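Just so it is clear, none of the values below were taken in a lab; they were calculated from the coordinates. Remember, it's a predicted structure, so these values are computed and weren't measured experimentally. FYI the Cβ positions are ideal-geometry reconstructions off the backbone, even for glycines, and counts take in every protein chain you see.
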Amino acid sequence: MSKKTKRTVGWVAFYIFVAAFVVLLLLPFIWQFLTSVKPLNEIAEMPAKWIPSYFHGQFYVNVFTKHPFARYMLNSLIVATSATLLSLLIGASAAYALSRLHFKGRAVLLMLILGVSMFPTIATLSPLYLILKNMNLLNTYQGLILTYIGFSLPMAIWLMTNFFSQIEKGFEEAAAIDGCSHFQTFVKIMLPLIKPATFSVGLLVFINCWNEYLYSLTFMSKDAMRTVPVGIALFPSNYQLPWGDMAAASIVCTLPLIALVLIFQKNIVAGLTTGGMKG
């Protein structure tokens, strides 16, 4: 076998492996979508049928007519967007300081910041509940936003510190020569340089907030204040388990995340490669 043939066979095998891997990753989403368009009598059939006998869209209608799903979507959008923007604002400021200030114990502080994100959610649930209760922030957007900022900030600071560290100090020196203050340098020079990285970190934070379940379940007991994951989990009643409605709702709530990735994909890809940037 010639080298050219071996190379061709290798590439073919690689593409087959990648295609199989992608299909494996998409399999749960595909199954949910097919379940959401099956007639009710075919959902529980054994053996299960992949392709429905005809496409049935009633479950998507049920999601918005039998449940306050539009309200759940709005709640998730408000909380996730607010928490993401505030986390990026605070995280970028802290990360810039940590990347430029060299002091004793800096490495320890960074490890502590990362360590905070390793605490299991259940371990912080009771203390946070008592704090929010004493502050009258249960069943409010503010209470959940503050909670989400708390568990998103460590990741945002850690990642953005690395991005800032890759930028040469020559940019700041040139800005200082031109008369820029530290604040002007940060806003007008440094933030635009890490714009792609900001999109990447922001997307990760937004997805984490959008999909979070336990805090929202505990702190938002009123139906009108529930977020999407909690709302879907509470679709079942004492008398039925609406698999079709739940499948349709899971597809609908995934669409905003897919849209965000498609809209900002260039910035996201650029952000993933920002770590290698030099001035």
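Of note:
- Rounded to the nearest 10 degrees, the inclination of helix 69-100 to the longest alpha-carbon principal axis of the chain is 20 degrees.
- Stretch gain in nm, segment Lys104-Met118, where the contour uses 0.36 nm per residue and the Cα spacing is subtracted: 2.7 nm
- Spherically averaged projected area in nm², based on the convex hull that wraps the Cα atoms of region 66-276: 14.3 nm²
- Partners of Lys188 within straight-line reach, counting lysines whose Cα lies under 27 Å from its Cα and excluding those fewer than 8 residues away in the same chain: Lys169, Lys266, Lys278.
- Alpha carbon centroid spacing (whole Å) that separates region 85-153 from region 181-200: 22 Å
- Rounded if a/c under 1.5, otherwise prolate or oblate - region 199-267, Cα gyration tensor axes: oblate
- Neighbour counts of C-beta atoms inside 10 Å place Arg71, Arg226, Arg106 in the sequence Arg106, Arg71, Arg226, starting with the fewest.
- Summarising the label geometry, the points placed 7 Å from Cα in the beta-carbon direction at Lys6 and Thr81 lie 5.7 nm from one another.
- Entry note, the chain: the mean residue ellipticity at 222 nm calculated from DSSP H runs of n ≥ 4, each adding -39500 (n - 2.57), is -23000 deg cm²/dmol after division by the residues and rounding to the nearest 500.
- Length released on extending from Ala224 to Ser165, taking residue separation times 0.36 nm less the Cα-Cα span: 16.9 nm
- Normalised by 2.2 N^0.38 Å, where N is the number of residues, the alpha-carbon radius of gyration of region 1-56 equals 1.81.
- Which of Ser53, Ser165, Ser36, Ser82 has the fewest Cβ neighbours within 10 Å, and the rest in rising order: Ser53, Ser165, Ser82, Ser36
- Gain in span if fully extended, Lys195 to Thr65, counting 0.36 nm per residue against the direct Cα distance: 42.8 nm
- When the Cα positions of Pro236, Ile177, Val201 are compared along the charge dipole of region 129-238, Pro236 comes out farthest toward the positive end, with charges on each C-beta of Lys, Arg, Asp and Glu.
- The smallest convex shape that holds all Cα atoms of region 77-191, its convex hull, gives 131 Å³ per residue.
- Between Gln184 and Ile131, the FRET efficiency estimated from the beta carbon spacing at R0 = 51 angstrom works out to 0.90.
- Given R0 = 25 Å, the distance between the Cβ atoms of Ile263 and Ile30 translates into a calculated FRET efficiency of 0.65.
- Cross-link partners for Lys38 among the lysines, with Cα-Cα distance under 25 Å and sequence neighbours closer than 8 places in the same chain left out: Lys49, Lys66.
- Förster radius 45 Å - calculated FRET efficiency between Phe55 and Leu217 (Cβ-Cβ, nearest 0.05): 0.85
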